[in-house]
Amino acid sequence: MAPNQPIETLDISLMIAAENDPKQRAFLIVLHNINLSLEANTTTVKEISEKLESHLEAFNQHTEEDQKWVNQGRGAWKIVAWVIGIAQVLATGAWVQQRMDMAALDQTVRKELIEHARTDSRMDSLEKSFQNHISETIKK
């Protein structure tokens, strides 16, 4: 084994075949199995990490889109609230104006009724006077 040679370039299976000592050979076989397991584990962890990263990106994108919808909904509710508020103010103003117009109309109608009653009483008085005058004229 060369001291400057990286571990990745060592072929443990060649070392196992070249080893004559059974204890060393068993040790190399165990090391080789551990190495293979670690390589498989590293590959699996890398694949899982890549999948998790893609899921995290998709989740973040989905969360951002949902947040946009929520913000748009909040904005829409604010607009709806303002529109309803303005409509209520306008409706209240129209109701107050209508009430004032109805009160003025009621006063006008009452005045007209009083004036009509006065006119009727005057007409009745004149008719009675005229009838009395005619009756007296006829009697003479």
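Any read-out appearing in this document is the output of simple, stated calculations on the displayed coordinates, not a laboratory observation. Keep in mind it's a predicted model, so treat the numbers as computed, not measured. Quick reminder, even Gly has a Cβ in these numbers, built from the backbone with ideal geometry, and neighbours come from all protein chains shown.
Just one of Asn41, Asn20, Asn60 is loosely packed, with under 10 Cβ neighbours inside 10 Å and either in a helix (DSSP H, G or I) or of a type outside the set (A, V, I, L, M, F, W, C) (or both); which is it?
Numbers: Asn41 fails: loosely packed, with under 10 Cβ neighbours inside 10 Å; Asn60 fails: loosely packed, with under 10 Cβ neighbours inside 10 Å.
Unique residue meeting the criteria: Asn20.
Pick from Ile86, Ile138, Ile134: which is part of a helix (DSSP H, G or I), loosely packed, with under 10 Cβ neighbours inside 10 Å and either touching a strand residue (DSSP E or B) at 6+ places or on another chain (Cβ under 7 Å) or free of Cβ contacts under 8 Å to residues at least 40 places away in the same chain (or both)? Talk me through it step by step, then tell me what you get.
On the way: Ile86 fails: loosely packed, with under 10 Cβ neighbours inside 10 Å; Ile134 fails: loosely packed, with under 10 Cβ neighbours inside 10 Å.
Checking each option against the conditions leaves just Ile138.
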